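A short write-up of the structure that comes next.
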Amino acid sequence: MSLPFPILTAEEAAELIHHGSTIGFSGFTPAGAAKAIPFALAEKAKREHAAGREFKVGVLTGASTGKSLDGALAEAEAISFRTPYQSNAILRKQINSGQVKFVDMHLSLLPQNVRYGFLGPVHWAVVEACDITPGGGIVLSTSVGAANTYLRLADKVLIELNAKHPATLLGMHDIFEPLDPPARQEIPVYASSDRIGSPICVVDPKKIAGVVLTNQADETAGFDEPTPVTDQIGQNVADFLVAEMKANRIPPQFLPLQSGVGNIANAVLGALGRSKEVPAFEMYTEVLQDSVVPLLESGRCTFASTCALTLSPAAMKNVTSNIEFFKSRILMRPQEISNHPEIVRRLGIVSMNTAIEVDLGGNVNSTHVMGKTMMNGIGGSGDFTRNAYLSIFSCPSTAKGGKISAIVPLASHMDHSEHSVQVIITEQGVADLRGKDPRERAELIINHCAHPDYRQQLRDYLAFTAPTSHEPLSLSLGLAMHRQFTRSGDMRNINWADYR
Ligand code: 0RQ
């Protein structure tokens, strides 16, 4: 089919974008992220810089992306502003040195914040598609993210038409954008599999400045091999959910599951899939990782609503070669819907996200190492945690070879407060904080989740706090374990007397 749009090289497309532009890219994780145009834009930035001219752009995406987008643009020092989430090592350094302004945002809020004008105008939408019609109908590829909103709001649109993703993905997306207040209405998703929108995005064809033909796989990174620690965390989560079911706190048909990204999330889902006692379940989540594909094939997972197919090339091939099977079991939604608090609360989702550290009150830091250094961002963890039927955070009890305790007296940064966090799970065990007061919480977390190397020093800390206060907090000692790590490189060296 011939298209009524200019067919451009990635370099020609990049030439259209000027210094100071704000670009809304497709991509939620590396899945469905634009690749050729951002890479060419990074090359253009290098040329401009070599000629002594400024060249930086504002980068909006769905979540993290791949090496051709965040990686290449960061390496070219071409990013002025970035939101809402990232996981690239070079970009992380630039964010932490103040070179790039980064706004860490709940992923469900990003599209409405763009619509409300809170982030300024979007000059370009650069979106990967697996098919496009002459009338401006766009079939997105392996994620939706915020691409639908960028396509609608941007002044101009560039499409990467990627032959690597088959046009038969048509039907796997469900595009829906809510009205804005005061006209806002309910979002009519009553079950994980409910379709409420359109399989395609439609843009005014006059806005399409060009189409770039590509053939590139998603730049998904593999997972680390499971370790005894991640396996044990997974097992503890599975055992906890089985016990909840037996106690009739989870209905026998189970509840939809949400799971975050990374090694731990992958291990948790693997353990749930293997469990003989967890019944077949649905997922209402934001990222579908490799571990879910065999669960869908075996029927352990009966349906997965997601925002992205974050799959390795092998797992992706599995899906595309059996597309009709998976199309009846997977739905990709915009992040505004996959992560929407209203739906999370209505469906009764069990949320499972990852902490960097947890404090004795049950407050969770998911983003900032030692309170200062941004790791990736809050992502969707807050969207789900605050509204979940049951909210779980898991992490290894220690980091950096045991020199850091993930259980600390006071979180050095707080993403999820004690009011939203119900259950903490490490390889050591489970702290069920529901209905517990601050002192009970502290004891449960020390006894069930802290590493044995740290239990006594955490108990010593508790002993220093005033027994009559509601929160067991010492203003002078709360961050002493963190200070000890920055001083000596090992939290185990703490001598509380040095800090009193
Ligand atoms: O560092 O790679 O240098 O060894 O953090 O930790 O244990 O490999 O776990 O890959 O699951 O990532 C919270 C970062 C965990 C991630 C986080 C260091 C550790 C290692 C990675 P190295 P692991 P994971 C989904 C929803 C955001 C919130 C969320 C994340 C590295 O899951 O970004 O769940 N979550 N969002 O050594 C110092 C500590 C540490 C520490 C871990 N206490 N101190 N370093 N690390 N704990 C996202 C989306 O919405 C898209």
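The values are calculated or read from the model by the stated rules, or taken from the named source; none is laboratory data. All values reported here derive from a predicted model rather than from experimental measurement. Glycine also receives a Cβ, built like all others from the backbone with ideal geometry; neighbour counts cover every protein chain displayed.
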Among the candidates 436, 400, which residue alone is without any contact (Cβ under 8 Å) to a residue 24 or more places away in the chain and farther than 22 Å from residue 470 by Cβ? 400
Any idea which of 221, 167 is outside the structural domain of residue 139 (by TED's automatic domain parsing) and not acidic (Asp, Glu)? 221
With respect to residue 498, determine if the residue is in contact with a Ser or Thr (Cβ under 9 Å, 6 or more places away or on another chain) and part of a helix (DSSP H, G or I). no
Report whether or not residue 273 is buried (at least 18 other Cβ atoms within 10 Å of the Cβ) and within 14 Å of the ligand (Cβ to nearest atom). no
Could you please give the count of residues in segment 462-487 that are within 17 Å of residue 412 (Cβ to Cβ) and not in a loop (DSSP other than H, G, I, E, B)? 8
Among the candidates 357, 297, 342, residue that is more than 24 Å from residue 218 (Cα to Cα) and either more than 16 Å from the ligand (Cβ to nearest atom) or at pLDDT below 95 (or both): 342
Residue satisfying all of: in segment 360-369; among the aliphatic types (A, V, I, L, M) and in a strand (DSSP E or B); nearest to the ligand (Cβ to nearest atom) among these: 369
Quickly run through segment 136-181 and pick out the residues that are on the phi > 0 side of the Ramachandran plot and surrounded by fewer than 23 Cβ atoms within 10 Å (Cβ to Cβ). 136, 171
Consider residue 259 against the criteria (1) within 13 Å of the ligand (Cβ to nearest atom); (2) at pLDDT below 90; (3) hydroxyl-bearing (Ser, Thr, Tyr): it satisfies all of them except one. Which criterion is unmet? (2)
Please enumerate the residues belonging to segment 84-102 that are away from the ligand (no atom under 15 Å from the Cβ) and either surrounded by 19 or more Cβ atoms within 10 Å (Cβ to Cβ) or touching a residue at least 12 places away in the same chain (Cβ under 8 Å) (or both). 94, 99, 100, 101
Pick out the one residue from 37, 23, 7 that is farther than 27 Å from residue 336 by Cα and out of contact with any Cys (no Cβ under 9 Å at 6 or more places or on another chain). 7
Condition met for residue 22 (buried (at least 24 other Cβ atoms within 10 Å of the Cβ) and of a type in the set (S, T, N, Q)): no
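Residue by residue, here is whether (1) under 30 Å from residue 226 (Cβ atoms); (2) in contact with a strand residue (DSSP E or B) (Cβ under 9 Å, 6 or more places away or on another chain); (3) touching a residue at least 60 places away in the same chain (Cβ under 8 Å) holds:
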position: 407; (1), (2), (3): yes, yes, no
position: 411; (1), (2), (3): yes, yes, no
position: 426; (1), (2), (3): yes, yes, yes
position: 440; (1), (2), (3): no, no, no
position: 444; (1), (2), (3): yes, yes, no
position: 474; (1), (2), (3): no, no, yes
position: 491; (1), (2), (3): yes, yes, yes
position: 495; (1), (2), (3): no, no, no
Quick check: is even one residue across segment 238-248 within 23 Å of the chain's Cα centre (by Cα) and not assigned by TED's automatic domain parsing to the domain that holds residue 125? yes
Give segment 194-203 a look and list any residue that's in a loop (DSSP other than H, G, I, E, B) and more than 13 Å from residue 338 (Cβ to Cβ), or say none. 195, 199, 200, 203
Could you check how many residues of segment 106-121 are in contact with a helix residue (DSSP H, G or I) (Cβ under 7 Å, 6 or more places away or on another chain) and surrounded by fewer than 23 Cβ atoms within 10 Å (Cβ to Cβ)? 4
In segment 209-216, is there at least one residue being assigned to a helix (DSSP H, G or I), within 30 Å of residue 162 (Cα to Cα) and touching a strand residue (DSSP E or B) at 6+ places or on another chain (Cβ under 6 Å)? no
Please specify each residue of segment 101-157 satisfying the condition of being polar (S, T, N, Q) and either under 23 Å from the mean Cα position of the chain (by Cα) or farther than 22 Å from residue 197 by Cα (or both). 108, 112, 113, 141, 142, 143, 148, 149
Kindly check whether there is at least one residue in segment 221-233 that is more than 24 Å from the chain's Cα centre (by Cα) and either part of a loop (DSSP other than H, G, I, E, B) or surrounded by 21 or more Cβ atoms within 10 Å (Cβ to Cβ) (or both). no
Residue set 420, 476; condition within 11 Å of residue 362 (Cβ to Cβ) and of a type outside the set (Asp, Glu); output residue 420
Out of (1) over 22 Å from residue 243 (Cα atoms); (2) modelled with pLDDT of 95 or more, the odd one out for residue 467 is which? (2)
Does residue 20 satisfy the criteria of being under 17 Å from residue 102 (Cα atoms) and either in a strand (DSSP E or B) or not assigned by TED's automatic domain parsing to the domain that holds residue 204 (or both)? no
